[in-house]
1. Applying the selection to segment 86-96, what residues are surrounded by fewer than 20 Cβ atoms within 10 Å (Cβ to Cβ) and in contact (Cβ under 8 Å) with a residue 12 or more places away in the chain?
2. Please determine, by comparing only the residues of segment 486-514 that are of a type in the set (Gly, Ala, Ser) and farther than 17 Å from ILE444 by Cβ, which one is surrounded by the most Cβ atoms within 10 Å (Cβ to Cβ).
3. Out of the residues in segment 149-172 meeting the condition of being assigned to a loop (DSSP other than H, G, I, E, B), on the phi < 0 side of the Ramachandran plot and open to solvent by 40 Å² or more (accessible area, probe 1.4 Å), tell me which one is modelled with the highest pLDDT.
4. List the residue pairs whose Cβ atoms are under 8 Å apart, where the first residue sits in segment 150-167 and is among the small types (Gly, Ala, Ser), the second is in a helix (DSSP H, G or I), and the two are 6 or more positions apart or on different chains.
5. Every residue in segment 11-65 that is more than 30 Å from ASP163 (Cα to Cα), modelled with pLDDT of 85 or more, open to solvent by less than 20 Å² (accessible area, probe 1.4 Å) and outside any loop (DSSP other than H, G, I, E, B), please.
6. Tell me, yes or no, whether segment 136-143 has at least one residue that is basic (Lys, Arg) and free of Cβ contacts under 8 Å to residues at least 40 places away in the same chain.
7. Output the residue which, of all residues in segment 382-428 that are at pLDDT below 90 and either more than 16 Å from LEU323 (Cα to Cα) or among the acidic types (Asp, Glu) (or both), is most open to solvent (accessible area, probe 1.4 Å).
8. Count, please, the residues in segment 326-344 that happen to be assigned to a helix (DSSP H, G or I) and open to solvent by 30 Å² or more (accessible area, probe 1.4 Å).
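The values are calculated or read from the model by the stated rules, or taken from the named source; none is laboratory data. Since we're looking at a predicted model, the values are computed, not measured. Positions of Cβ are backbone-derived with ideal geometry, glycine not excepted, and every protein chain shown enters the neighbour counts. Side chains are part of the model used for accessible areas, which takes the heavy atoms of the whole protein and leaves out ligands, DNA and RNA. Shrake-Rupley method; radii C 1.70, N 1.55, O 1.52, S 1.80 Å.
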Amino acid sequence: MRHNKLKVFVSSVQKELESERVAISSLITTDPFLMQHCEPVLFEYEPAPFRKLSKPYLKCLDGCQIYLLLIYKDYGNRDGKLSATHHEYRHAQKLDVPTIIFVKGTSAVDGERSLETKAFFDEIRKNKHTYKRFIDRLDLREEVRAALTRTLTEEFHIEPTIDEAQGGKELIEAASAFESAPLAGVPWKSLDESLLGQFSEKVVGSSGVRVSDESVCQALHARGLLWRKDERHQHCATAAGLLLFGRRPGDQFPQCEILIDAYADTRISGKPRGQLTVNAGILGAIDQVLAFIDKHTFHPTRVVGINNITLDEYPEPALREALINAVAHRNYEDASRKIIVQVFSDRIVISSPGYPPSPLTLAKLKRGNYRPCSRNPVIAQALAALTLMEQRGSGFARMRDAMLNHGLDAPTYAQQDGYFVGSFSGPNGNYHRLRVPEGAKGMIPPAIEAQLNKRQKRILLQVQKVGTITSGWCRTAFAVTYDTANRDLIELVEKGLLTRVGKGRSTKFELRKP
């Protein structure tokens with residue numbers, strides 16, 4: 001069984017076909033079959049060699065098992081007698097690796113190619129290589145997937161399962177062109193470093209990030225989040241990169257903002273309790289929405305044993321999952337709609353533009369009988385790399401389980417006025433139905449509780465009952481000396497359970513706030 005992925009060397013005039021190179025890289029890193037067995041290699045994002053080499057791109061090609069060539073009009077800068085792309089083609093033939101060739105444009109475009117490119121094209125024909133034509137990066141994705149799948153099957157005896165073959169086909173049919181668009185006006189250095197830091201820590205395995213960090217740049221480019229603007233190695237974001245890591249992506253794409261309103265009633269009113277327009281990269285935007293919900297929902301307390309527990313009105317994992325699904329799967333090509341979050345007194349409603357992409361249907365989602373399919377696979381794959389999504393079609397089940405485990409009803413879903421709508425019913429004032437989750441705010445860990453003596457447990461119960469306690473109360477209640485009472489209280493402070501308030505005879509102790 002093969003453990004190492006096959007490296008696919010993507011060869012072309014870089015500047016002329018940059019968007020196509022990004023599209024191929026994104027395809028290979030998001031397709032459910034290709035991502036398991038292949039990895040794209042684009043020379044400009046490979047680490048620089050330790051010593052100066054003649055034609056270093058050929059050294060890079062030496063380590064690859066598949067050669068994929070794109071041709072359009074330009075021949076590219078010469079490196080000696082031939083262009084770098086032409087050198088790569090001849091070297092691939094010398095290595096005898098499987099060669100896949102795509103030519104941009106119909107036969108009518110052939111006359112517009114440079115003389116050198118025409119000669120290069122004639123050499124390919126003379127070598128009796130077959131090639132496929134494509135018009136733009138959208139139809140190129142389907143052709144590349146078919147060619148790579150055929151090559152893996154015929155040359156390496158790696159064949160997709162029925163589910164992998166169908167899943168890849170559905171992914172391409174559903175995928176939006178919006179997220180892979182190269183944005184020339186969004187340089188990498190303008191992205192949010194704190195959000196890039198989260199990506200670096202999770203994906204690259206390094207804490208902290210600098211905008212000049214080459215390893216982070218390579219990881220972003222490989223996932224279709226960056227592209228190289230020109231020969232001076234100026235890196236810019238794709239639309240997906242801007243949406244994930246931009247400081248204010250809504251300034252360029254207003255539909256990327258998230259609108260959130262809180263109402264005191266069960267219906268929309270002219271005077272909401274709170275409003276917020278969120279304009280931030282996806283990672284930061286989700287945190288802002290959850291913070292707004294936390295502020296505008298109730299947090300009842302409950303005493304369980306010696307624990308004074310603060311409960312959330314809604315389970316945060318269910319809401320986070322719903323928001324991640326909304327930003328990952330919404331229709332970004334619909335520039336007239338935004339994600340809308342409404343916090344009512346009895347429910348939270350999250351509306352995302354666009355109905356599920358074919359072949360998904362609302363009925364399939366409700367039954368849980370579906371294969372995962374994303375309208376925005378680049379964004380979804382990046383969120384999966386950050387361990388925020390699983391891409392296994394289990395999100396709806398996790399939301400249901402989180403709501404039921406919290407003592408609430410399962411979410412309901414509907415399609416309305418061009419939105420996919422998820423409704424999360426709350427306790428509506430009946431907070432007794434809420435269940436205490438593991439790790440709830442205020443919960444004293446069993447390991448800490450085991451260290452407490454009987455007096456300290458009674459002290460905590462008394463503080464929860466009346467709010468504060470003094471050493472005098474402890475001496476009277478337990479018939480102990482000042483030193484014993486004080487030692488009990490100081491130990492509770494050191495364990496992070498109580499806080500000392502005041503000085504001298506007015507000293508009191510209260511529960512430490514979460």
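1. Residues of segment 86-96 surrounded by fewer than 20 Cβ atoms within 10 Å (Cβ to Cβ): 90-91, 93-96.
Passing the criteria: HIS91, GLN93, LEU95.
2. The initial filter retains those residues of segment 486-514 that are of a type in the set (Gly, Ala, Ser), namely 496, 502, 504, 506.
Checking the rest, the ones that are also farther than 17 Å from ILE444 by Cβ come to 502, 504, 506.
Details: GLY502: 11, GLY504: 5, SER506: 8.
Filtering segment 486-514 for residues that are of a type in the set (Gly, Ala, Ser) and farther than 17 Å from ILE444 by Cβ, the one surrounded by the most Cβ atoms within 10 Å (Cβ to Cβ) comes out as GLY502.
3. Going through segment 149-172, the residues assigned to a loop (DSSP other than H, G, I, E, B) turn out to be 157-161.
Then keep just the ones that are on the phi < 0 side of the Ramachandran plot; that gives 158-161.
Right, trim to open to solvent by 40 Å² or more (accessible area, probe 1.4 Å) and you get 159, 161.
On the way: GLU159: 93, THR161: 88.
Among residues in segment 149-172 that are assigned to a loop (DSSP other than H, G, I, E, B), on the phi < 0 side of the Ramachandran plot and open to solvent by 40 Å² or more (accessible area, probe 1.4 Å), the one modelled with the highest pLDDT is GLU159.
4. What qualifies is ALA165/THR149.
5. Result: SER11, TYR57, LEU61.
6. Taking segment 136-143 as the starting set, the residues that turn out to be basic (Lys, Arg) are 137, 141.
In the following step, the residues that additionally are free of Cβ contacts under 8 Å to residues at least 40 places away in the same chain were identified as none.
Within segment 136-143, not a single residue is basic (Lys, Arg) and free of Cβ contacts under 8 Å to residues at least 40 places away in the same chain.
7. Here the answer is ARG392.
8. Residues of segment 326-344 assigned to a helix (DSSP H, G or I): 326-329.
The next check asks that each one be open to solvent by 30 Å² or more (accessible area, probe 1.4 Å); those that pass are 329.
Total meeting the criteria: 1.
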